[in-house]
Amino acid sequence: MGFEIGGAGQALSSDCGTKTMEGEKEDVVAFAKTASGPVFCDPGSTLTSCYGCGHELSWVKPFERKLNGILHPVKGHFRHKKRVPGPGCDGETREHKAAKDAIAKGCDWEYFVPCADCRTEIEVEVVAPRGKPPEAKVECPFRDYVLDVGYRADDGVVGAVEIMQTHAIPEDKANELTGSGIAWVEVSATEVLDAFKNRRSRLRGLRCAVLKCGACVEKDIEKERLSALAKQRADAEAQRRVRAALKNEGLYTHMSQEDQIDASLGTFWKGIVASAAATLDPGELESLTRSLAGATNKVAADNDQIELERCSKVILFGKYTGRRVVDVFKEDPAYTRFLADYSGFRDGTKPKPSNHEYSCSVPTMVKKEARALLKGHCLLCFEDTGAGWKHWCGDCFRRAG
(Lines give C-alpha, C1' and ligand atoms only; values in the text may rest on other atoms or scores of the structure.)
Protein backbone atom coordinates (compact mmCIF):
# COMPACT_ATOMS: atom_id res chain seq x y z
CA MET A 1 0.00 0.00 0.00
CA GLY A 2 1.19 3.56 -0.59
CA PHE A 3 3.34 5.13 -3.25
CA GLU A 4 4.51 3.20 -6.27
CA ILE A 5 7.84 4.89 -6.93
CA GLY A 6 10.73 3.46 -8.90
CA GLY A 7 14.20 4.51 -9.92
CA ALA A 8 17.58 4.89 -8.26
CA GLY A 9 17.68 6.79 -4.99
CA GLN A 10 13.91 6.80 -4.46
CA ALA A 11 12.29 5.14 -1.45
CA LEU A 12 9.64 2.42 -1.76
CA SER A 13 6.30 2.59 0.04
CA SER A 14 5.50 1.20 3.50
CA ASP A 15 2.64 1.23 6.00
CA CYS A 16 4.49 3.79 8.16
CA GLY A 17 4.75 6.39 5.39
CA THR A 18 6.94 7.16 2.43
CA LYS A 19 9.91 9.49 2.20
CA THR A 20 10.20 11.64 -0.89
CA MET A 21 13.54 12.38 -2.48
CA GLU A 22 13.88 15.48 -0.30
CA GLY A 23 13.48 13.32 2.82
CA GLU A 24 10.05 14.67 3.81
CA LYS A 25 7.80 12.25 5.67
CA GLU A 26 4.52 11.40 3.96
CA ASP A 27 1.57 10.36 6.15
CA VAL A 28 0.58 7.07 4.47
CA VAL A 29 -1.64 4.57 6.30
CA ALA A 30 -2.46 1.29 4.54
CA PHE A 31 -5.66 0.48 6.43
CA ALA A 32 -8.17 2.11 8.77
CA LYS A 33 -10.32 0.98 11.67
CA THR A 34 -14.10 0.71 11.38
CA ALA A 35 -16.84 -0.91 13.42
CA SER A 36 -16.71 -4.00 11.19
CA GLY A 37 -12.92 -4.39 11.21
CA PRO A 38 -10.05 -3.02 9.11
CA VAL A 39 -10.70 -1.52 5.65
CA PHE A 40 -8.13 -1.10 2.90
CA CYS A 41 -9.82 1.35 0.55
CA ASP A 42 -12.45 4.12 0.55
CA PRO A 43 -15.22 2.94 2.95
CA GLY A 44 -17.65 5.61 1.75
CA SER A 45 -19.45 7.35 4.59
CA THR A 46 -18.09 5.01 7.27
CA LEU A 47 -16.13 6.71 10.04
CA THR A 48 -12.50 5.59 10.01
CA SER A 49 -9.77 5.94 12.64
CA CYS A 50 -6.14 4.93 13.17
CA TYR A 51 -5.35 1.64 14.94
CA GLY A 52 -2.24 3.20 16.45
CA CYS A 53 -3.36 6.51 17.94
CA GLY A 54 -7.15 6.48 17.47
CA HIS A 55 -7.22 9.76 15.50
CA GLU A 56 -9.61 10.16 12.59
CA LEU A 57 -8.34 9.25 9.10
CA SER A 58 -9.30 10.51 5.66
CA TRP A 59 -9.11 8.72 2.32
CA VAL A 60 -6.76 9.98 -0.40
CA LYS A 61 -7.77 8.95 -3.90
CA PRO A 62 -5.21 7.53 -6.34
CA PHE A 63 -3.33 10.25 -8.21
CA GLU A 64 -0.10 10.95 -10.08
CA ARG A 65 2.89 12.79 -8.65
CA LYS A 66 5.66 14.35 -10.68
CA LEU A 67 9.22 13.57 -9.53
CA ASN A 68 12.19 14.78 -11.57
CA GLY A 69 9.84 15.66 -14.34
CA ILE A 70 8.33 12.16 -14.51
CA LEU A 71 4.78 11.27 -13.48
CA HIS A 72 4.51 8.37 -11.01
CA PRO A 73 1.21 6.73 -9.99
CA VAL A 74 0.33 6.88 -6.28
CA LYS A 75 -2.11 4.32 -4.87
CA GLY A 76 -5.05 5.37 -2.81
CA HIS A 77 -4.35 5.46 0.94
CA PHE A 78 -5.48 6.82 4.29
CA ARG A 79 -3.87 9.68 6.20
CA HIS A 80 -4.45 11.50 9.48
CA LYS A 81 -6.81 14.43 9.17
CA LYS A 82 -4.67 16.48 11.54
CA ARG A 83 -1.60 15.52 9.50
CA VAL A 84 0.26 14.65 12.71
CA PRO A 85 0.02 11.01 13.93
CA GLY A 86 -0.50 10.57 17.65
CA PRO A 87 1.85 8.81 20.11
CA GLY A 88 2.36 5.09 19.53
CA CYS A 89 1.28 5.40 15.91
CA ASP A 90 3.84 3.19 14.19
CA GLY A 91 3.40 0.53 11.54
CA GLU A 92 4.05 -2.47 13.80
CA THR A 93 1.54 -1.29 16.41
CA ARG A 94 -1.12 -0.59 13.78
CA GLU A 95 -0.63 -3.95 12.05
CA HIS A 96 -0.79 -5.94 15.30
CA LYS A 97 -3.95 -4.19 16.50
CA ALA A 98 -5.61 -4.45 13.08
CA ALA A 99 -4.86 -8.19 12.89
CA LYS A 100 -6.44 -8.78 16.32
CA ASP A 101 -9.51 -6.80 15.23
CA ALA A 102 -9.71 -8.77 11.98
CA ILE A 103 -9.66 -12.10 13.84
CA ALA A 104 -12.36 -10.92 16.26
CA LYS A 105 -14.59 -9.36 13.57
CA GLY A 106 -14.03 -12.03 10.89
CA CYS A 107 -16.35 -15.02 10.64
CA ASP A 108 -15.71 -18.74 10.23
CA TRP A 109 -11.92 -18.64 10.40
CA GLU A 110 -10.25 -21.98 9.64
CA TYR A 111 -6.73 -22.77 10.85
CA PHE A 112 -4.21 -25.46 9.96
CA VAL A 113 -0.64 -26.24 11.03
CA PRO A 114 1.78 -28.52 9.12
CA CYS A 115 2.71 -31.75 10.92
CA ALA A 116 6.29 -31.63 12.23
CA ASP A 117 7.05 -35.04 10.63
CA CYS A 118 5.05 -35.61 7.47
CA ARG A 119 4.06 -31.94 6.82
CA THR A 120 0.42 -32.84 6.23
CA GLU A 121 -2.09 -30.23 7.32
CA ILE A 122 -3.43 -30.57 10.87
CA GLU A 123 -6.81 -28.92 11.23
CA VAL A 124 -6.95 -26.79 14.40
CA GLU A 125 -10.39 -26.19 15.90
CA VAL A 126 -9.83 -23.18 18.12
CA VAL A 127 -13.54 -23.10 18.95
CA ALA A 128 -15.31 -26.45 18.77
CA PRO A 129 -18.90 -26.32 17.41
CA ARG A 130 -20.94 -26.79 20.58
CA GLY A 131 -23.96 -24.97 21.93
CA LYS A 132 -24.00 -21.17 21.88
CA PRO A 133 -21.12 -19.66 19.84
CA PRO A 134 -18.54 -18.14 22.20
CA GLU A 135 -17.76 -14.42 22.12
CA ALA A 136 -14.48 -13.26 20.57
CA LYS A 137 -12.76 -10.73 22.83
CA VAL A 138 -9.63 -8.74 21.95
CA GLU A 139 -7.00 -8.62 24.73
CA CYS A 140 -8.91 -11.18 26.75
CA PRO A 141 -7.68 -11.76 30.36
CA PHE A 142 -6.72 -15.33 31.19
CA ARG A 143 -5.20 -16.01 34.62
CA ASP A 144 -1.85 -14.18 34.68
CA TYR A 145 -1.85 -13.50 30.93
CA VAL A 146 -3.64 -11.42 28.30
CA LEU A 147 -4.66 -13.23 25.12
CA ASP A 148 -4.56 -11.38 21.79
CA VAL A 149 -7.98 -12.83 20.95
CA GLY A 150 -9.81 -15.05 23.41
CA TYR A 151 -13.09 -16.90 22.92
CA ARG A 152 -15.23 -16.80 26.04
CA ALA A 153 -18.21 -18.97 26.89
CA ASP A 154 -20.25 -19.42 30.06
CA ASP A 155 -17.52 -21.62 31.57
CA GLY A 156 -14.66 -19.21 30.77
CA VAL A 157 -12.06 -19.09 28.00
CA VAL A 158 -12.47 -21.98 25.53
CA GLY A 159 -10.09 -20.94 22.71
CA ALA A 160 -7.36 -18.45 21.85
CA VAL A 161 -5.58 -16.94 18.84
CA GLU A 162 -2.16 -15.31 19.28
CA ILE A 163 -0.88 -12.82 16.70
CA MET A 164 2.83 -12.94 15.88
CA GLN A 165 4.23 -9.56 14.90
CA THR A 166 7.72 -9.01 16.35
CA HIS A 167 8.03 -12.03 18.64
CA ALA A 168 6.42 -15.45 19.11
CA ILE A 169 4.17 -16.48 22.00
CA PRO A 170 6.27 -17.03 25.19
CA GLU A 171 6.80 -20.65 26.22
CA ASP A 172 5.22 -20.20 29.66
CA LYS A 173 2.07 -18.74 28.10
CA ALA A 174 1.87 -21.56 25.53
CA ASN A 175 2.37 -24.18 28.26
CA GLU A 176 -0.33 -22.61 30.44
CA LEU A 177 -2.85 -22.67 27.57
CA THR A 178 -1.98 -26.24 26.59
CA GLY A 179 -1.95 -27.48 30.18
CA SER A 180 -5.35 -25.89 30.80
CA GLY A 181 -6.91 -27.80 27.91
CA ILE A 182 -7.50 -24.69 25.78
CA ALA A 183 -7.09 -25.05 22.02
CA TRP A 184 -4.92 -22.24 20.64
CA VAL A 185 -3.07 -21.27 17.48
CA GLU A 186 -0.49 -18.64 16.61
CA VAL A 187 -0.75 -16.83 13.25
CA SER A 188 1.15 -14.09 11.43
CA ALA A 189 -0.31 -10.56 11.58
CA THR A 190 0.59 -9.93 7.92
CA GLU A 191 -1.17 -13.11 6.74
CA VAL A 192 -4.26 -12.31 8.81
CA LEU A 193 -4.64 -8.87 7.22
CA ASP A 194 -3.98 -10.26 3.73
CA ALA A 195 -6.64 -12.94 4.23
CA PHE A 196 -9.14 -10.45 5.68
CA LYS A 197 -8.54 -8.05 2.76
CA ASN A 198 -8.98 -10.78 0.12
CA ARG A 199 -11.91 -12.44 1.92
CA ARG A 200 -10.06 -15.69 2.62
CA SER A 201 -11.08 -17.58 5.75
CA ARG A 202 -8.35 -20.25 5.83
CA LEU A 203 -5.16 -19.36 7.69
CA ARG A 204 -1.84 -21.20 8.05
CA GLY A 205 -0.83 -21.33 11.72
CA LEU A 206 2.74 -21.00 12.98
CA ARG A 207 2.25 -23.05 16.18
CA CYS A 208 -0.48 -24.80 18.12
CA ALA A 209 -0.85 -27.16 21.07
CA VAL A 210 -0.05 -30.25 18.96
CA LEU A 211 2.85 -30.52 16.51
CA LYS A 212 2.13 -33.94 14.98
CA CYS A 213 -0.83 -35.50 13.21
CA GLY A 214 -2.63 -38.54 14.58
CA ALA A 215 -0.91 -40.96 12.18
CA CYS A 216 2.57 -39.76 13.20
CA VAL A 217 1.64 -39.95 16.89
CA GLU A 218 0.52 -43.57 16.41
CA LYS A 219 3.83 -44.34 14.67
CA ASP A 220 5.73 -42.81 17.59
CA ILE A 221 3.72 -44.86 20.09
CA GLU A 222 4.50 -48.03 18.13
CA LYS A 223 8.20 -47.11 18.05
CA GLU A 224 8.12 -46.57 21.82
CA ARG A 225 6.45 -49.97 22.33
CA LEU A 226 9.03 -51.76 20.18
CA SER A 227 11.87 -49.91 21.90
CA ALA A 228 10.53 -50.88 25.36
CA LEU A 229 10.17 -54.50 24.22
CA ALA A 230 13.76 -54.55 22.93
CA LYS A 231 14.98 -53.08 26.23
CA GLN A 232 13.12 -55.69 28.24
CA ARG A 233 14.72 -58.43 26.17
CA ALA A 234 18.16 -56.88 26.61
CA ASP A 235 17.67 -56.60 30.42
CA ALA A 236 16.49 -60.21 30.62
CA GLU A 237 19.55 -61.36 28.66
CA ALA A 238 21.86 -59.34 30.95
CA GLN A 239 20.29 -60.89 34.07
CA ARG A 240 20.64 -64.36 32.55
CA ARG A 241 24.36 -63.78 31.99
CA VAL A 242 24.81 -62.54 35.58
CA ARG A 243 23.13 -65.67 36.97
CA ALA A 244 25.26 -67.85 34.72
CA ALA A 245 28.45 -66.15 35.96
CA LEU A 246 27.38 -66.54 39.60
CA LYS A 247 26.67 -70.25 39.03
CA ASN A 248 30.09 -70.75 37.50
CA GLU A 249 31.68 -69.19 40.60
CA GLY A 250 29.43 -71.19 42.95
CA LEU A 251 27.90 -68.00 44.34
CA TYR A 252 24.40 -68.26 42.94
CA THR A 253 21.51 -68.52 45.44
CA HIS A 254 17.76 -68.35 45.08
CA MET A 255 17.83 -64.75 46.26
CA SER A 256 17.47 -62.04 43.66
CA GLN A 257 20.55 -60.10 42.67
CA GLU A 258 19.26 -57.00 44.51
CA ASP A 259 18.65 -59.02 47.70
CA GLN A 260 22.20 -60.37 47.55
CA ILE A 261 23.61 -56.86 47.27
CA ASP A 262 21.47 -55.61 50.18
CA ALA A 263 22.54 -58.57 52.35
CA SER A 264 26.22 -57.98 51.57
CA LEU A 265 25.88 -54.26 52.34
CA GLY A 266 24.18 -54.99 55.68
CA THR A 267 26.94 -57.43 56.66
CA PHE A 268 29.57 -54.82 55.80
CA TRP A 269 28.04 -52.13 58.05
CA LYS A 270 27.53 -54.62 60.92
CA GLY A 271 31.18 -55.58 60.71
CA ILE A 272 32.28 -51.93 61.02
CA VAL A 273 30.05 -51.33 64.05
CA ALA A 274 31.25 -54.53 65.76
CA SER A 275 34.93 -53.64 65.27
CA ALA A 276 34.40 -50.11 66.63
CA ALA A 277 32.34 -51.15 69.67
CA ALA A 278 35.46 -52.06 71.72
CA THR A 279 37.08 -48.60 71.38
CA LEU A 280 34.10 -46.20 71.37
CA ASP A 281 31.93 -45.08 74.29
CA PRO A 282 28.14 -45.68 74.03
CA GLY A 283 27.39 -42.13 72.81
CA GLU A 284 29.98 -42.24 70.01
CA LEU A 285 28.87 -45.76 69.06
CA GLU A 286 25.25 -44.59 68.78
CA SER A 287 26.31 -41.60 66.66
CA LEU A 288 28.32 -43.89 64.33
CA THR A 289 25.36 -46.27 64.01
CA ARG A 290 23.02 -43.38 63.04
CA SER A 291 25.54 -42.06 60.49
CA LEU A 292 25.95 -45.47 58.89
CA ALA A 293 22.18 -45.97 58.80
CA GLY A 294 21.81 -42.57 57.11
CA ALA A 295 24.49 -43.48 54.58
CA THR A 296 22.71 -46.76 53.85
CA ASN A 297 19.40 -44.95 53.36
CA LYS A 298 21.08 -42.40 51.06
CA VAL A 299 22.59 -45.17 48.93
CA ALA A 300 19.16 -46.81 48.68
CA ALA A 301 17.53 -43.47 47.76
CA ASP A 302 20.18 -42.76 45.13
CA ASN A 303 19.66 -46.23 43.68
CA ASP A 304 15.90 -45.62 43.56
CA GLN A 305 16.44 -42.29 41.77
CA ILE A 306 18.80 -43.89 39.26
CA GLU A 307 16.29 -46.66 38.62
CA LEU A 308 13.47 -44.10 38.22
CA GLU A 309 15.44 -42.13 35.65
CA ARG A 310 16.51 -45.31 33.85
CA CYS A 311 12.94 -46.59 33.55
CA SER A 312 11.31 -43.22 32.79
CA LYS A 313 9.29 -43.22 29.59
CA VAL A 314 10.44 -41.21 26.56
CA ILE A 315 8.02 -38.63 25.12
CA LEU A 316 7.63 -39.10 21.38
CA PHE A 317 5.42 -36.12 20.51
CA GLY A 318 5.14 -32.40 21.13
CA LYS A 319 7.85 -29.92 22.03
CA TYR A 320 9.62 -32.34 24.42
CA THR A 321 10.03 -35.11 21.85
CA GLY A 322 12.93 -37.36 22.87
CA ARG A 323 12.93 -36.22 26.53
CA ARG A 324 12.10 -38.46 29.51
CA VAL A 325 9.00 -37.71 31.59
CA VAL A 326 10.99 -37.42 34.84
CA ASP A 327 13.26 -34.77 33.29
CA VAL A 328 10.31 -32.81 31.90
CA PHE A 329 8.70 -32.87 35.37
CA LYS A 330 11.75 -31.17 36.89
CA GLU A 331 11.84 -28.52 34.16
CA ASP A 332 8.18 -27.98 33.25
CA PRO A 333 5.66 -29.43 35.75
CA ALA A 334 2.78 -27.72 33.93
CA TYR A 335 3.45 -29.85 30.84
CA THR A 336 3.64 -32.94 33.06
CA ARG A 337 0.14 -32.03 34.30
CA PHE A 338 -0.99 -32.01 30.65
CA LEU A 339 0.55 -35.48 30.15
CA ALA A 340 -1.33 -36.71 33.22
CA ASP A 341 -4.63 -35.42 31.71
CA TYR A 342 -5.23 -33.09 34.67
CA SER A 343 -6.67 -29.60 34.23
CA GLY A 344 -5.30 -28.38 37.56
CA PHE A 345 -8.82 -27.85 38.90
CA ARG A 346 -11.00 -30.14 40.95
CA ASP A 347 -14.36 -31.86 40.70
CA GLY A 348 -15.26 -32.12 44.36
CA THR A 349 -12.06 -33.50 45.88
CA LYS A 350 -10.84 -35.32 42.77
CA PRO A 351 -8.69 -33.88 39.97
CA LYS A 352 -10.76 -32.66 37.06
CA PRO A 353 -9.64 -34.08 33.67
CA SER A 354 -8.34 -31.58 31.15
CA ASN A 355 -10.68 -32.91 28.43
CA HIS A 356 -8.10 -31.66 25.94
CA GLU A 357 -8.76 -32.94 22.42
CA TYR A 358 -5.17 -34.26 22.23
CA SER A 359 -4.99 -35.89 25.66
CA CYS A 360 -6.17 -39.18 24.14
CA SER A 361 -2.93 -39.27 22.13
CA VAL A 362 -0.80 -39.51 25.29
CA PRO A 363 0.36 -43.14 25.79
CA THR A 364 -1.07 -44.86 28.87
CA MET A 365 2.37 -45.57 30.41
CA VAL A 366 3.41 -41.92 29.99
CA LYS A 367 0.16 -40.76 31.62
CA LYS A 368 0.64 -43.17 34.56
CA GLU A 369 4.21 -41.98 35.16
CA ALA A 370 3.16 -38.32 34.96
CA ARG A 371 0.46 -38.92 37.57
CA ALA A 372 2.92 -40.78 39.81
CA LEU A 373 5.38 -37.86 39.63
CA LEU A 374 2.62 -35.34 40.48
CA LYS A 375 1.50 -37.38 43.48
CA GLY A 376 1.93 -35.29 46.63
CA HIS A 377 2.32 -32.05 44.63
CA CYS A 378 -0.23 -29.26 44.23
CA LEU A 379 -1.74 -29.39 40.72
CA LEU A 380 -1.81 -25.57 40.53
CA CYS A 381 1.41 -24.31 42.14
CA PHE A 382 3.23 -27.71 42.18
CA GLU A 383 4.45 -27.25 45.76
CA ASP A 384 4.74 -30.26 48.08
CA THR A 385 1.36 -30.92 49.74
CA GLY A 386 2.84 -33.00 52.57
CA ALA A 387 0.79 -36.10 51.76
CA GLY A 388 0.48 -38.30 48.70
CA TRP A 389 -3.33 -38.19 48.73
CA LYS A 390 -3.48 -34.38 48.67
CA HIS A 391 -3.75 -32.91 45.17
CA TRP A 392 -3.72 -29.26 46.27
CA CYS A 393 -2.03 -27.20 48.93
CA GLY A 394 -4.14 -25.21 51.39
CA ASP A 395 -3.79 -21.95 49.44
CA CYS A 396 -4.79 -23.43 46.09
CA PHE A 397 -7.61 -25.77 47.19
CA ARG A 398 -10.28 -23.04 47.13
CA ARG A 399 -8.92 -21.52 43.92
CA ALA A 400 -9.10 -24.92 42.20
CA GLY A 401 -12.82 -25.27 42.84
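The values are calculated or read from the model by the stated rules, or taken from the named source; none is laboratory data. Everything numeric here is computed off the predicted structure, so don't read it as measured data. No Cβ is skipped: glycine too gets one built from the backbone with ideal geometry, and neighbour counts run over all protein chains shown.
Odds and ends about this structure:
- Residues in the stretch 30-51 that are polar (S, T, N, Q) and either buried (at least 18 other Cβ atoms within 10 Å of the Cβ) or in a strand (DSSP E or B) (or both): Thr34, Thr48, Ser49.
- Test: residue in the stretch 123-131 that is free of Cβ contacts under 8 Å to residues at least 24 places away in the same chain and under 21 Å from Arg200 (Cβ atoms): yes
- Considering (1) in contact with a Lys or Arg (Cβ under 9 Å, 6 or more places away or on another chain); (2) free of Cβ contacts under 8 Å to residues at least 12 places away in the same chain, the lone condition that Pro141 does not fulfil carries the number (1).
- Sole residue being under 24 Å from Glu224 (Cα atoms) and not assigned by TED's automatic domain parsing to the domain that holds Asp172, chosen from Asp384, Asp332: Asp332
- Lone qualifier among Phe112, Phe196, Phe142 - being under 21 Å from Lys33 (Cβ atoms) and either touching a Cys at 6+ places or on another chain (Cβ under 9 Å) or of a type in the set (Phe, Trp, Tyr) (or both): Phe196
- Meets criteria (closer than 16 Å to Lys105 by Cβ, surrounded by 22 or more Cβ atoms within 10 Å (Cβ to Cβ) and not small (Gly, Ala, Ser)) for Asp148: yes
- A single member of Ala183, Ala195, Ala189, Ala174 is within 26 Å of Pro333 (Cα to Cα) and modelled with pLDDT of 90 or more, and it is Ala174.
- Just one of (1) of a type outside the set (Phe, Trp, Tyr); (2) in contact (Cβ under 8 Å) with a residue 12 or more places away in the chain; (3) part of a helix (DSSP H, G or I) fails for Lys368. It is (2).
- Count of residues meeting criterion [surrounded by fewer than 22 Cβ atoms within 10 Å (Cβ to Cβ) and either of a type outside the set (S, T, N, Q) or touching a strand residue (DSSP E or B) at 6+ places or on another chain (Cβ under 8 Å) (or both)] in the stretch 175-188: 4
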